[in-house]
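Structure first, then comments.
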Amino acid sequence: MSSFSIPFLTPPCSSNTISSRPKICLYATPAVSPIVSSEVDASRLEPRVEERDGYWVLKEEYRVGINPQEKVKLEKEPMALFMEGGIHELAKMSLQEIDSSKLTKDDIDVRLKWLGLFHRRKHQYGRFMMRLKLPNGVTTSVQTRYLASVIKKYGKDGCADVTTRQNWQIRGVVLPDVPEILKGLAEVGLNSLQSGMDNVRNPVGNPLAGIDPHEIVDTRPYTNLLSQFITANSLGNPTISNLPRKWNVCVVGSHDLFEHPHINDLAYMPAIKNGRFGFNLLVGGFFSPKRCAEAIPLDAWVSADDVIPLCKAVLEAYRDLGTRGNRQKTRMMWLIDELGIEVFRSEIEKRMPGKKLERASEEEMVQKQWERRDYLGVHPQKQDGLSYVGIHIPVGRVHADEMDELANLADKYGTGELRLTVEQNIIIPNVENSKLDALLKEPLLKERFSPEPSLLMKTLVACTGNQFCGQAIIETKARALKVTEEVEREVAVTRKVRMHWTGCPNTCGQVQVADIGFMGCMTRDQNGKVTEGVDIFLGGRIGSDSHLAQVYKKGVPCKDLVPIVADILVNHFGAVKRNREEGDD
């Protein structure tokens, strides 16, 4: 592997519609290369950032018309809160002191996101959500217990969520506790660094990596290396912490495409070239309130040894050339559109160590007609005598005592390891077959986290919603469960139907990849009263024939959803209406 100034650790391969409503234009970009003039003015390819005192900052000549977030970064370097110990002084200040100063107010509302801390100013003033880095979704019982101990002290304000990027978010954190929490995270091998704002999100991989009899490649070494590069082994990596916007990456290791490559800014797709193993590359997939785009081929292949150099080159091209004006037009696909895929590719190529980038391989390893498997329940591993057990975490929400018990089960029946998935569920791997019956009889699995949930429940996904998130328009998690339960009393389904809920157009719940998606909005009911509602999306697909959902019906009051969803299931997904006896609830 090419050398870097950042030392890499050896990656572990085991445990470890109303008038006031804003006008939103949501559309899906087809997965084709952008058609752009082949000529790009040479001045456009001049880097817009430069290194100053160890940090990368926007050059003076490009500071006109920048968005407010870019101004915050210029006023004070966010990474300094971590790399220069600024968090320790900030944690000693009262919220009144902080709010009296624009700079420190921006510290807790914007800059702390570089440390993975999100102030819940609107609904939980003074409390934070902390987002972890958890490459490939692999965590340990020790780490899980530590996170449980953090949220336990916050009582009803403390809880945790499994996210759609295969990691943990913990809630209820208060600022004075942050230095000690960061220290504790480091002691158990976790970190939250560079997990928010204009940084690289958690590297996603196959949740069955290393245990799947049908896997193409074990993704854990690659996602671990990516995470180590992104954060410079948890020391902070300012060379890629000033991106124009957030950026997602995944490494595909399964025919099932559990990693959702088509919605990532960079996806590594396994492919053989001239007898060498490596990856074809997809780039530019993203969701935003104004636009959703599927990733497109870069027409490039890299060997397994060049996973990090390629990632570095793509990030530097995006950092150097991305626009920083309208925040809704700063994701990487907008840059690809502007330059054209070939010019964008050439900018990556010239940032590679050998100034060369091979064309894509025709020997793709992902089987196109593969039927996506269900990982919930009991399944044999590639290791003789062992199985993994996928358990359903209703809309991803867990509490401290449940996290402790999950850790206990991982120790008692497995090897102390847990795997998180992008569908907000958890897998316990490495269970001896002789222990399966006992595990399945455990109260937590019988009463709370079932390995065999109903067909509609098992693929239900929901973002945080307005219980905690200030951007969410509606409540999502409890409502998603309630609506699904009521719909199940109305109709019987014969196959899984993936239903996703998101509280606002930022679509953290990824409604565009769901069979049925619900995006929060404010609307009017039949009496003209303003009420919480949703825009319904239909037809999203995942896997080799992936495509994004389209709007089916807009502005539906949440209280009217059950019969509408039931009809959608009957008319589009083969569900059958149940015969309801008089007096049935």
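For this structure, a couple of remarks:
- The range 210-259: C-alpha gyration tensor shape, a/c 1.5 cut-off, then a/b vs b/c: oblate
- Peptides 453-460, 490-497 ordered by average Cβ neighbours within 10 Å, highest first: 453-460, 490-497
- Ordered by 1.4 Å accessible area with all protein chains kept, Arg201, Arg373, Arg171, Arg489 run largest first as Arg489, Arg373, Arg201, Arg171.
- Three-way shape call for the chain based on the alpha-carbon gyration tensor, with the a/c threshold at 1.5: rounded
- Placing +1 on each Lys and Arg Cβ and -1 on each Asp and Glu Cβ, with no other charges, gives the chain a dipole about its Cα centre of roughly 1220 debye.
- Counting only heavy atoms of the protein chains and using a 1.4 Å probe, Thr531 has close to 30 Å² of accessible surface.
- The slack in the chain from Lys441 to Lys382, taken as 0.36 nm per residue of separation less the alpha-carbon distance, amounts to 18.8 nm.
- Using 0.36 nm per residue and subtracting the Cα-Cα separation, the extra length available between Gln369 and His572 on full extension is 70.9 nm.
- Lys290 - accessible surface, heavy atoms, 1.4 Å probe, Å² rounded to 10: 80 Å²
- Accessible heavy-atom area order of Ser43, Ser100, Ser288, Ser450, highest first, probe of 1.4 Å: Ser100, Ser43, Ser450, Ser288
- Accessible-area ranking of Asp567, Asp157, largest first, probe 1.4 Å: Asp567, Asp157
- In order along the range 452-460, the phi-based Karplus estimate (6.51 cos²θ - 1.76 cosθ + 1.60, θ = phi - 60°) of 3J(HN,Hα) comes to 10, x, 5, 4, 7, 6, 5, 10, 6 Hz; Gly and Pro are listed as x.
- Of Lys76/Lys329; Lys152/Lys246; Lys73/Lys133; Lys156/Lys183, pairs whose Cα-Cα distance is over 27 Å: Lys152/Lys246
- Taking Lys and Arg as +1 and Asp and Glu as -1, the other residues whose beta-carbon sits under 10 Å from that of Tyr154 total +3.
- For the range 484-539: rounded, prolate or oblate by the Cα gyration tensor [a/c cutoff 1.5]: oblate
- Environment charge of Gln169, counting only residues whose C-beta is closer than 9 Å and scoring Lys/Arg +1, Asp/Glu -1: +1
- When the listed pairs Lys382/Lys496; Lys273/Lys435; Lys458/Lys554; Lys59/Lys102 are checked against a 32 Å cut-off, the alpha-carbon distance exceeds it for Lys273/Lys435.
- Among residues other than Gly210 with Cβ under 13 Å from its Cβ, the summed charge is -1 (Lys and Arg +1, Asp and Glu -1).
The values are calculated or read from the model by the stated rules, or taken from the named source; none is laboratory data. Everything numeric here is computed off the predicted structure, so don't read it as measured data. Backbone-built Cβ (ideal geometry, glycine too); neighbour counts: all protein chains shown. Surface areas here come from the heavy atoms of the whole protein model, side chains and all, with no ligands, DNA or RNA. Shrake-Rupley method; radii C 1.70, N 1.55, O 1.52, S 1.80 Å.
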